[in-house]
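Report on the structure given below.
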Amino acid sequence: MTRLKASLLLFIVTGCLHRSPDAAVLAPLVAYLTQDTVGQSHQPVYLVFADELTANVFKSLRQDSRYRILPTGKPFVCPSDGGECPHPYVLSVRVYKMMGDSAIATLQRSYSVNGGQQGITYSETILLVRRDRKWRIGKRLSGAAVLLS
């Protein structure tokens, strides 16, 4: 009986560790991001996820041909086909504040060159609302682009 209880407890704890309530809130941002980049270029967008939460929220982008997901924590090596070297965006997403059936989230894409000495960071603040137990984009509250030089 004790083994059964221990196994059941281990199963419950393991399930809780992998499910982040923030991931459910942030899920609508996948469609928001893909809509934002449609038609900009025929070249794939290279992405590195800044953390595990971002990787979990945007895991479906791995099957989207418009994106190339690079391993986190490994140096980016340019393709050897002789073309222009693409630089990856570091993608990060966070729930900034929760208030009942609404949440404020930040979505940030950073692009840098020359070892981080130059680049640009795009940051957006987005209102998410929950209706009928499903999170949706309410509206974009603000956006900014910061140049690094």
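So the values come out like this:
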quantity	calculated
Distant-in-sequence amide H partners of residue 89 (H built 1.01 Å from N, under 5 Å)	46, 47, 48
Other-chain or far-sequence residues with amide H under 5 Å of residue 141's (modelled H)	125, 126, 127
For residue 94, net neighbour charge (Lys/Arg +1, Asp/Glu -1) across residues whose Cβ lies under 11 Å away	-1
Net charge contributed by nearby residues that have their C-beta within less than 11 Å of residue 130 (K/R +1, D/E -1)	+2
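Computed from the coordinates by the stated procedures, all read-outs in this text should not be read as laboratory data. Predicted, not measured: the structure shown is a model, and the values here were computed from it. Please note: Cβ atoms are built from the backbone with ideal geometry, for glycine as well, and neighbour counts cover all protein chains shown.
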